[in-house]
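Beneath this line is the structure, given in structure tokens, with notes to follow.
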Amino acid sequence: MYDPRNPASLEKYSSAITLSDMEVFIFPELLFALVLANIMSPALWKWKADPWFAGMNALNQYRRLLRTKQYIIDRFTFNLDLDTWGLTTKEKELARFSPFVSQEALAQSNALFGYEGDKYYFDIDIRKHFGLDKYTSNVIPYWKTETVEAMEAFRHKTGYAIGAGECVSLSTLYASALFVVARVPLEQIYLMATPLHSQNFVDINEGIITNNRRIITKNMWFNGTELSEKARRALQHERVTVVANHTGHIHTLYDTATMSRESYDHFQKKLSAFLTTDINFEILANFLRQNSKLQKCFQLEHRCGGSPRYIQAEKVYSYEHNSKFKVSDNTRSKILEEIDEDEFYPEPLPGRLMLDEVEQYFKSNSISLDRISSLDGLRNHLRHSCFSTDEVIRGLIEFCRIVPKLPPENKTRVQSRPIAIDSGWSRERIVDYLESIRGENPVADLAFAALRDLRRSPWKPFLKAALERNPVSIAAASNLDVPGAAAALDALPNESIYEGSRMAQPDEVWNYGRGDGMEKAICLLNIVRARVPQATSGIKGDGKQVVVFVDGKEFRFESGKDLAMPADDDFVW
């Protein structure tokens, strides 16, 4: 529970408001707290009334998931703009989090503090990849994780026609939407965070991984397309720092874990099975699709007018981009029929293996990742001067079996009451239940802070976050004096992106160009405190009108939140 006298508690609860990637890394409870906040959000429950979801009850779990996936794809885009939530510095964040984690641990686990991951991430230059190379080396982005309301509100921001969010926002939205809209039990949903990405594993059929807006089935995971290759990168190249579900979390850096041992064991087994496949001809052809440089070593045979004709493998793979047929499956003859006859040669192409003969080998021989003799047989069959057979077999094995770098199991378990909500419950019943277990489950308590409901959560963390971690509104108002900033805020539509007693942070007000009077007042106070820190400033409100005081001057805003401001000694000055 929140303890206002404890600086660590204040830091954690204020982090539940801003939810930066860094904060979620330091306080892993926040990952599932945001899922619960979205589950309690009226905005998410409104989705259920959309005609798109008509007839959901008649669909199986997988079809319901697909319907939800398409809704998310149509209404949200991926956003990693550095300017959205502003910038901070390594020094500032290190000073803030030094009581919780060492700089050395951060450097090993966080991309913005020195982590380079595997060779892939080292080669691309992480700071350049993120667009940070134009700043000094100590500047890093906030990259705040958005609530569903903040994601939907991007449509109000210049340059966005629909909603948006970064990867952690999308992963938590997926988890909450699958529960509320697709009625997937929480027991089947696991959140996974790496230093550079966030994904979910959903225990449906052979398993499903959500990747930003999309979903990846096991067949898709091994199909060798560019989309699947991007989805594989995080688990193939990075350490999974946090795994979380309804029972708790487990974190690479921390010695204690709250996720139940049974739940984590089940997750590891299911994920391991998802990331492993047998080697057959289709998988080999998928491997060639991903490793295009090897395609020049193969050719395909096709009968044209009753005579055999031959064509380069890379040419046929290139036709896949505009065809529904594939080289790798039983539609291969269809894609070959789509290619003009003058693209074929009358004689086999020298120096190339025949893919058709490789397929025949697989029909007569079963290949097992765990049986060395079968791999040796395949190695001998593929031996060719065009490539290093050992490297190809090694790459094929890595393609077929990813061993994820998960948090070790040998953690001290700290028990807390699991979240036991049913997907058939109403929103009101879920809110009442979570309210009832706040004293027994820290994640449930943090969820109300992430919900931004200031009738159910403390003011001090909200104000600490508002006045310390909202640089966008400060920078945007840099050319305005205090009366000008007040006038600019007062001119915005007097409507909040949050219903009822829930509150937006200052940069949400500025980015989305709207806010309730109380939200505008706090935004103005944020600007004042940064621009003229020597000024005597304060704020008070009676639920209908909010007044910001700056050196004896008053700036008034009308509020519909009906929230009384707390006593001055509860504020963060």
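The values are calculated or read from the model by the stated rules, or taken from the named source; none is laboratory data. Just so it is clear, the structure is predicted and the values come from calculations on it, not from any experiment. Neighbour counts run over all protein chains shown; Cβ positions are idealised from the backbone, glycine included.
When restricted to residues that are surrounded by 15 or more Cβ atoms within 10 Å (Cβ to Cβ) and free of Cβ contacts under 8 Å to residues at least 40 places away in the same chain, the range 53-83 contains 1.
One residue stands out among those in the range 342-356 that are acidic (D, E) and exposed (fewer than 11 other Cβ atoms within 10 Å of the Cβ): the one that is nearest to T276 (Cα to Cα), which is E347.
Where in the range 8-78 are there helices (runs of 4 or more DSSP H), lying fully within it, with 1 or more residues that are out of contact with any helix residue (DSSP H, G or I) (no Cβ under 6 Å at 6 or more places or on another chain) and modelled with pLDDT of 95 or more?
So the answer is 42-46, 61-75.
Under the condition of being part of a helix (DSSP H, G or I) and crowded, with 24+ Cβ neighbours inside 10 Å, the residues counted in the range 235-261 number 1.
Figure legend. Inter-residue proximity from the range 423-441: first residues in the same structural domain as L65 (by TED's automatic domain parsing), second residues assigned to a helix (DSSP H, G or I), beta-carbon distance below 6 Å, spacing 6+ or different chains. Indicated pairs: S423/F179; R427/W45; V431/M40; L434/A444; I437/A444; R438/A444; R438/D445. Whether any residue in the range 255-267 is out of contact with any Ser or Thr (no Cβ under 6 Å at 6 or more places or on another chain) and either farther than 22 Å from N441 by Cβ or not assigned by TED's automatic domain parsing to the domain that holds A164 (or both) is what I want to check. No: zero hits.
Residue-by-condition table, conditions (1) surrounded by 23 or more Cβ atoms within 10 Å (Cβ to Cβ); (2) basic (K, R); (3) modelled with pLDDT of 80 or more:
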position: G117; (1), (2), (3): no, no, no
position: V139; (1), (2), (3): no, no, yes
position: A150; (1), (2), (3): yes, no, yes
position: K157; (1), (2), (3): no, yes, yes
position: I162; (1), (2), (3): no, no, yes
position: L186; (1), (2), (3): yes, no, yes
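Exactly one residue out of L191, L227 is within 24 Å of T276 (Cβ to Cβ) and either free of Cβ contacts under 8 Å to residues at least 12 places away in the same chain or crowded, with 24+ Cβ neighbours inside 10 Å (or both): that is L191.
When we screen N212, N205 for residues that are surrounded by fewer than 16 Cβ atoms within 10 Å (Cβ to Cβ) and within 24 Å of K69 (Cα to Cα), the only hit is N205. A single entry from E391, E409, E428, E440 fulfils the requirement of being exposed (fewer than 15 other Cβ atoms within 10 Å of the Cβ) and under 25 Å from the mean Cα position of the chain (by Cα): E409.
Among the residues of this structure, I402 does not count as one that is aliphatic (A, V, I, L, M) and surrounded by fewer than 17 Cβ atoms within 10 Å (Cβ to Cβ).
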